[in-house]
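What follows is one structure encoded as structure tokens, with my remarks underneath.
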Amino acid sequence: WGIYWHLCRFLTKGAEPRSIHAITKQLNDMSELKDLIAQAGAQMEKTVEHLEEALARIRAGKANVKILDGIMVEYYGSLVPLTQVGTVTVPDAKSIVITPWEKGIIRDIERAIINSPLGITPENNGEVVRIGIPPLTEDRRRELVKQVKADAETAKVSIRNARRDTNELIKKSIKADNTPEDVAKDAEADVQKLHDRYIKRVDELFAAKEKEIMTV
């Protein structure tokens, strides 16, 4: 009885103890809402990770192996990531070198790079494939910043949608499951905190990429 009494007072903030059924239901409601919040957090995290990958592929005037992500090479009848058919190194800030594990696929690597959206023609000396990173013009830098900003805004919309959808489910639980309004409000507050945290991360990613692009 002592444990039951203290549990009741904790859940009801000092009110008179309720039945075991009522207490159990509230605990179940809280657990379900926590699951909803966790799902929203996972969705927001996935959005930010997707943005990070997208920004990493944007060439900012400096050698970065991430710009090769998404380039597929034909290898024994299958398409595989370029990074899985050779060793990729960055000997300096203006070049990337791919050393094929098999010399017979060096032309396939070269072709894959030429046909990719990278927009750079590689050099093939028969041993390695070299990608020279050309300097960006001022106009091109500004275009890239606009692209990055658009990607960041898309990510923010996704995060806001996750907040909206989760809050709608929380509100429905009040009517459908008789979830106490104070419990629902606490859940909505937690969702808002998640939203604010991930929006901040998006802003930080955008600011860092903008600085990288505009730095000559």
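The values are calculated or read from the model by the stated rules, or taken from the named source; none is laboratory data. Predicted model only: the values in this text are computed from it and were never measured. Ideal geometry is used to build each Cβ from the backbone, glycine not excepted, and the neighbour counts take in all protein chains shown. Side chains included, ligands, DNA and RNA excluded: accessible areas come from the protein's heavy atoms. Shrake-Rupley method; radii C 1.70, N 1.55, O 1.52, S 1.80 Å.
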Note down all Cβ pairs under 6 Å where the first residue falls in the range 147-162 and is without any contact (Cβ under 8 Å) to a residue 60 or more places away in the chain, the second is open to solvent by less than 10 Å² (accessible area, probe 1.4 Å) and of a type outside the set (Phe, Trp, Tyr), and they're at least six residues apart or on different chains.
Lys156/Val202
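Being charged (D, E, K, R) and surrounded by 15 or more Cβ atoms within 10 Å (Cβ to Cβ) is the requirement here; does Asp151 meet it?
Values: charged (D, E, K, R): yes; surrounded by 15 or more Cβ atoms within 10 Å (Cβ to Cβ): yes.
Considered against the rule, which asks whether it is charged (D, E, K, R) and surrounded by 15 or more Cβ atoms within 10 Å (Cβ to Cβ), Asp151 comes out as yes.
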Yes or no: the range 118-127 includes at least one residue that is open to solvent by 20 Å² or more (accessible area, probe 1.4 Å) and in a strand (DSSP E or B).
yes
Among the listed residues Ile159, Ile133, Ile170, which satisfies the condition of being over 16 Å from His195 (Cα atoms) and of a type in the set (A, V, I, L, M, F, W, C)?
Ile133
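Restricting the search to the range 83-117, which residues are over 19 Å from Lys62 (Cβ atoms), in contact with a Pro (Cβ under 9 Å, 6 or more places away or on another chain) and surrounded by 15 or more Cβ atoms within 10 Å (Cβ to Cβ)?
Filtering the range 83-117 for residues over 19 Å from Lys62 (Cβ atoms) gives 84-87, 99-112, 114-115.
Going one step further and asking which of them are in contact with a Pro (Cβ under 9 Å, 6 or more places away or on another chain), we end up with 85-87, 106, 108-110, 114.
If the condition is that a residue be over 19 Å from Lys62 (Cβ atoms), in contact with a Pro (Cβ under 9 Å, 6 or more places away or on another chain) and surrounded by 15 or more Cβ atoms within 10 Å (Cβ to Cβ), then Val85, Gly86, Ile106, Asp108, Ile109, Glu110 are the ones that fit.
Do we find a residue being modelled with pLDDT under 85, of a type in the set (A, V, I, L, M) and in a loop (DSSP other than H, G, I, E, B) anywhere in the range 2-9?
As a first pass, look at the range 2-9 and keep what is modelled with pLDDT under 85: 2-9.
Filter again for of a type in the set (A, V, I, L, M), leaving 3, 7.
Checking which are in a loop (DSSP other than H, G, I, E, B) leaves us with none.
No, the range 2-9 contains no residue that is modelled with pLDDT under 85, of a type in the set (A, V, I, L, M) and in a loop (DSSP other than H, G, I, E, B).
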With the requirement that a residue be touching a residue at least 60 places away in the same chain (Cβ under 8 Å) and open to solvent by 50 Å² or more (accessible area, probe 1.4 Å), what does the range 166-177 give you?
Leu169, Asp177
Every residue from the range 128-141 that is open to solvent by less than 80 Å² (accessible area, probe 1.4 Å) and over 30 Å from Glu45 (Cα atoms):
Val128, Val129, Ile131, Gly132, Ile133, Pro134, Leu136
How many residues are in contact with a strand residue (DSSP E or B) (Cβ under 8 Å, 6 or more places away or on another chain), among the small types (Gly, Ala, Ser) and outside any strand (DSSP E or B) when one looks only at the range 71-98?
0
Can you find even one residue in the range 118-133 that is touching a helix residue (DSSP H, G or I) at 6+ places or on another chain (Cβ under 6 Å), touching a residue at least 12 places away in the same chain (Cβ under 8 Å) and among the hydrophobic types (A, V, I, L, M, F, W, C)?
yes
Only one residue in Ala54, Ala63, Ala40 is surrounded by 15 or more Cβ atoms within 10 Å (Cβ to Cβ) and farther than 30 Å from Asp196 by Cα, so which one is that?
Ala63
Residue check, Leu144 surrounded by 13 or more Cβ atoms within 10 Å (Cβ to Cβ), at pLDDT below 95 and under 19 Å from Lys62 (Cβ atoms)
yes
Test for Ser78: is it over 26 Å from the mean Cα position of the chain (by Cα) and either among the hydroxyl-bearing types (Ser, Thr, Tyr) or open to solvent by 50 Å² or more (accessible area, probe 1.4 Å) (or both):
yes
